[in-house]
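Everything on this sheet refers to the single structure shown next.
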Amino acid sequence: MDPQEPPKKRIAVIPGDGIGQEVIPQALKVIRASGADVAMSEFDWGADRYLRDGMTVPPDGFAMLGRDFDAIFAGAFGDPRVKTNIHAKEILLGMRFKMDLYANVRPVRLLDAALCPLKGVEPKDVDFVVIRENTEGVYTDAGGVFKQGTPDEIAIQEDINTRKGVERIIRYAFEYCEQHPKLDGSSRSRVLMVDKSNAMTHAGGLWQRMFKEVSGEHPQITAQHMYVDALCMQMVRDPRPFDVIVTNNMFGDIITDLAAGLQGGLGMAASGNIHPGKTSMFEPVHGSAPPIAGKNVANPFGAILTAAMMLAHMGLTREAEKIEAAVREAVRQKKTTQDIGGTLGTREAGEWVAERVTKRLSS
C-alpha cells in the first residue's frame with residue numbers, strides 16, 4: 001500500500017437473526033459493487049451462536065469493536081427459540097449503552113410518491129430526520145417488580161434523564177441541522193423538540209430548559225416544540241413542516257416507526273447509532289421478522305440504504321450517493337420486493353441494485 005494512501009475503512013458486520021441474515025448479505029453485495037475502499041469482517045453473534053455455546057458477546061467484544069473498526073453494520077436481533085431474547089438485549093442494547101452511542105439518527109425520506117399512504121404527497125414533502133436519545137430513558141431497565149404474581153403486584157419502570165444526556169442530544173440535533181442539507185440540496189433550518197412535559201413535568205422540565213439554552217446558541221435555526229401526541233397527529237396530516245426532530249428514547253422509538261409508514265414501511269427505513277468521533281453502529285430499522293425469515297421475501301432496501309448512510313458517515317460520499325440513486329431507480333421501476341409493489345425476491349432486488357450501481361460506476 002502506498003504510504004500516502006489513507007488506510008481502508010474497517011467495518012464489523014453482524015448479520016444477527018432472522019431476515020438480518022438475508023438482507024445484510026445483499027447490502028454487502030451493493031457495498032462491493034460501489035467500489036468503496038473498505039475491509040469487512042463478519043461476526044456470528046446472534047441466536048444461533050447463543051444456542052450453540054451460550055455466548056452473546058465475548059468478554060472484550062465491545063472494546064474490540066471500538067478499537068479495531070471504524071463502523072459496525074448490524075442486521076436484526078430476536079429469535080423465538082430464545083424466549084428471553086437475552087442475546088438480543090446483550091448484543092444490541094449492549095452496543096448502544098456500553099459504547100455510548102447516544103445519538104440514534106433516523107432519516108425519513110420518501111423516494112417515490114407511490115410509497116406514501118398520504119394523498120398528494122411528493123418526495124420533496126417527506127425529507128426530515130428524527131434524532132432520538134439512545135442511552136437513557138426507560139430503556140435503561142431501571143426499576144423492578146414487587147410482590148410479582150399477587151394481587152398487590154407493583155411494577156416500576158424508571159425514566160432516566162441526565163442533564164449531560166439531554167444537553168448533548170439536543171446539541172447534536174442543532175449541529176446536524178446545520179451540517180446536513182436535504183436531498184434537493186437546500187439547507188435545513190428548523191429543530192423541533194418533542195416531549196410530554198405537560199404530564200411528565202420533571203423530565204420534561206429538564207428537556208425544556210436544555211432546549212432553550214442550546215437553541216440560544218444557534219439563532220439562525222428556528223427552535224420549535226410540540227407534545228408527542230400532537231406530533232403524531234400532525235405527522236400523518238402533513239409531514240412537510242418537519243426538518244429535524246429531537247426527542248427522548250421511548251418517544252423516538254415510537255414516532256420513527258410511524259414516520260417509516262410515510263416512506264414505504266419499515267423495510268425502507270435506515271438508521272445510525274452515533275457517537276461523534278468514535279466507532280458507530282448502523283442498522284436497518286426493521287426487526288428480525290421470524291415469520292418471513294428464510295423465504296426470500298424481506299425487503300433489503302432498508303439495509304442497503306443503511307449501508308449508504310454508513311459509508312457517508314465514514315466520508316465515502318460518492319459511493320453512498322450512487323447506492324441511494326440506484327435504490328431510487330429500483331423503486332421507480334418497481335424492481336422491488338412485494339411489500340412496496342414489486343415482484344422480486346430479497347436476493348433478486350439486492351442483485352438489481354448492485355448491478356445498477358456497477359453500471360453507474362462504468363458509465
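For segment 181-191, give me each residue that is at pLDDT 95 or above and either more than 29 Å from E158 (Cα to Cα) or open to solvent by 10 Å² or more (accessible area, probe 1.4 Å) (or both). Give the steps one after another, and end with the answer.
First, the residues of segment 181-191 that are at pLDDT 95 or above: 188-191.
Within segment 181-191, R188, S189, R190 meet the criteria.
Restricting attention to segment 282-336, the residues being open to solvent by less than 10 Å² (accessible area, probe 1.4 Å) and either without any contact (Cβ under 8 Å) to a residue 12 or more places away in the chain or in contact with a Pro (Cβ under 6 Å, 6 or more places away or on another chain) (or both) number 3.
Against the numbered list (1) surrounded by 19 or more Cβ atoms within 10 Å (Cβ to Cβ); (2) under 19 Å from the mean Cα position of the chain (by Cα), D79 comes up short only at (2).
Note on segment 15-42: residues that are outside any helix (DSSP H, G or I), buried (at least 21 other Cβ atoms within 10 Å of the Cβ) and either polar (S, T, N, Q) or in contact with an Asp or Glu (Cβ under 6 Å, 6 or more places away or on another chain) (or both) amount to 2. T358 falls short on exactly one of the conditions (1) among the polar types (S, T, N, Q); (2) open to solvent by 10 Å² or more (accessible area, probe 1.4 Å); (3) part of a loop (DSSP other than H, G, I, E, B), and that condition is (3).
Applying the condition of being among the hydrophobic types (A, V, I, L, M, F, W, C) and open to solvent by 20 Å² or more (accessible area, probe 1.4 Å) to segment 112-134 and asking which residue is nearest to the chain's Cα centre (by Cα) yields L115. A single member of D238, D195, D243, D229 is over 22 Å from M309 (Cα atoms), acidic (D, E) and touching a Phe, Trp or Tyr at 6+ places or on another chain (Cβ under 8 Å), and it is D195. Any idea how many residues of segment 43-57 are open to solvent by 50 Å² or more (accessible area, probe 1.4 Å), outside any loop (DSSP other than H, G, I, E, B) and within 20 Å of P290 (Cα to Cα)? Of the residues in segment 43-57, 5 are open to solvent by 50 Å² or more (accessible area, probe 1.4 Å), outside any loop (DSSP other than H, G, I, E, B) and within 20 Å of P290 (Cα to Cα). Filtered by the rule that a residue be among the hydrophobic types (A, V, I, L, M, F, W, C), out of contact with any Asp or Glu (no Cβ under 9 Å at 6 or more places or on another chain) and crowded, with 16+ Cβ neighbours inside 10 Å, segment 149-180 gives a lone residue, A173.
The values are calculated or read from the model by the stated rules, or taken from the named source; none is laboratory data. Model, not experiment: these values are computed from the prediction. In this analysis, Cβ positions are derived from the backbone assuming ideal geometry, glycine residues included, and neighbour counts consider all displayed protein chains. Accessible surface areas use protein heavy atoms only, side chains included; no ligands, DNA or RNA. Shrake-Rupley method; radii C 1.70, N 1.55, O 1.52, S 1.80 Å.
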